[in-house]
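A.B. asks: Below is one structure. I have some questions about it.
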Amino acid sequence: KYKACLFDLDGVLVDTAIYHFQAWKTLGKQFDFELSHEQNEELKGISRVESLEKILQWANYQATHEQKDRWLKEKNENYLALISNMNSNEILPGVISFLQQLKEQGFLIALGSASKNAQIILEKTGLITWFHAIIDGNKVSKSKPDPEVFQKGAEALGCSSEECIVFEDAQAGIDAAKAGGMKVIGIGSPLVLSGADKIISSFTEIQVSDFMTL
Ligand code: B16
Ligand code: MG
């Protein structure tokens, strides 16, 4: 019954969350703010602009439009520097063999990421060759938990939402998939994630046959 898999990028295929964390931490120094790991969890899956807004709220800092624009640019420059040496070693465990299985079984594969840097990360890691469609932060106007990114992914593959399974590490992404009427497999801990149809801690734990019955 399922024909397509839609993958989030950061935290699902590669662990760029650590780079986002470092880049925001560096930026935070400018307004004396130290981002915690718990706060970083809340930034997963949400857009760059929304992340900055949250951080400024936590820091209790009233920034001007000019400051915000400059800081968004600076954060991305920090981030791009951090990911500049990424390679296939940073693909998370089990991902390639899972993609291989999907390919052998004729599944369509799309990316559904909030990141505007998705394309470059897919290229650097060599993951790009697996994808039939790429929907990233440049192609959506509403960010997760809005279902737009996954709906556009399904549309690009010519599939209905019932035919898609989403793989997500962020609560906002799980909520987005559910809002789009899709089944979703959470990657992470059941202590942090809720509402997924199944939760696994990594792709080493899953076979195609495990989700066909969902
Ligand atoms: P960028 P995903 C998301 O990617 C990240 O989880 C989130 O932390 C980040 O703020 C967002 O991309 C925007 O990223 O600054 O590169 O445009 O998890 O949806 O693949
Ligand atoms: Mg993610």
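The values are calculated or read from the model by the stated rules, or taken from the named source; none is laboratory data. Note that the structure is a prediction, hence the values are computed from the model and not measured. Glycine also receives a Cβ, built like all others from the backbone with ideal geometry; neighbour counts cover every protein chain displayed.
For every residue, the table says whether it meets (1) more than 10 Å from CYS5 (Cβ to Cβ); (2) touching a helix residue (DSSP H, G or I) at 6+ places or on another chain (Cβ under 8 Å); (3) surrounded by 17 or more Cβ atoms within 10 Å (Cβ to Cβ); (4) acidic (Asp, Glu).
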residue: ALA110; (1), (2), (3), (4): no, yes, yes, no
residue: ASP136; (1), (2), (3), (4): yes, yes, yes, yes
residue: LYS142; (1), (2), (3), (4): yes, yes, no, no
residue: PRO147; (1), (2), (3), (4): yes, yes, yes, no
residue: SER161; (1), (2), (3), (4): yes, yes, yes, no
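A.B. asks: For the condition out of contact with any His (no Cβ under 7 Å at 6 or more places or on another chain), touching a residue at least 40 places away in the same chain (Cβ under 8 Å), closer than 23 Å to ILE134 by Cβ and outside any strand (DSSP E or B), what is the one hit in GLY181, GLY153?
C.D. replies: Only one candidate qualifies: GLY153.
A.B. asks: Can you say whether SER113 is touching a strand residue (DSSP E or B) at 6+ places or on another chain (Cβ under 9 Å), small (Gly, Ala, Ser) and under 22 Å from GLY173 (Cα atoms), as far as the supplied structure shows?
C.D. replies: yes
A.B. asks: Please state which of the following conditions GLN30 fails to meet, knowing it meets all the rest: (1) at pLDDT 95 or above; (2) away from ligand 1 (no atom under 14 Å from the Cβ).
C.D. replies: Tallying (1) at pLDDT 95 or above; (2) away from ligand 1 (no atom under 14 Å from the Cβ), GLN30 fails exactly one: (1).
A.B. asks: How about region 1-84: which helices (runs of 4 or more DSSP H) wholly inside it have at least 2 residues that are within 14 Å of ligand 2 (Cβ to nearest atom) and buried (at least 16 other Cβ atoms within 10 Å of the Cβ)?
C.D. replies: Hits in region 1-84: 17-28, 37-43, 48-59.
A.B. asks: Still on this structure: I'd like the residue in region 87-127 that is charged (D, E, K, R) and part of a helix (DSSP H, G or I) and, out of all such residues, is nearest to THR204 (Cα to Cα).
C.D. replies: Going through region 87-127, the residues charged (D, E, K, R) turn out to be 90, 103-104, 116, 123-124.
Still in the running and part of a helix (DSSP H, G or I): 90, 103-104, 123-124.
Values: GLU90: 15, LYS103: 17, GLU104: 17, GLU123: 23, LYS124: 22 Å.
In this case the residue turns out to be GLU90.
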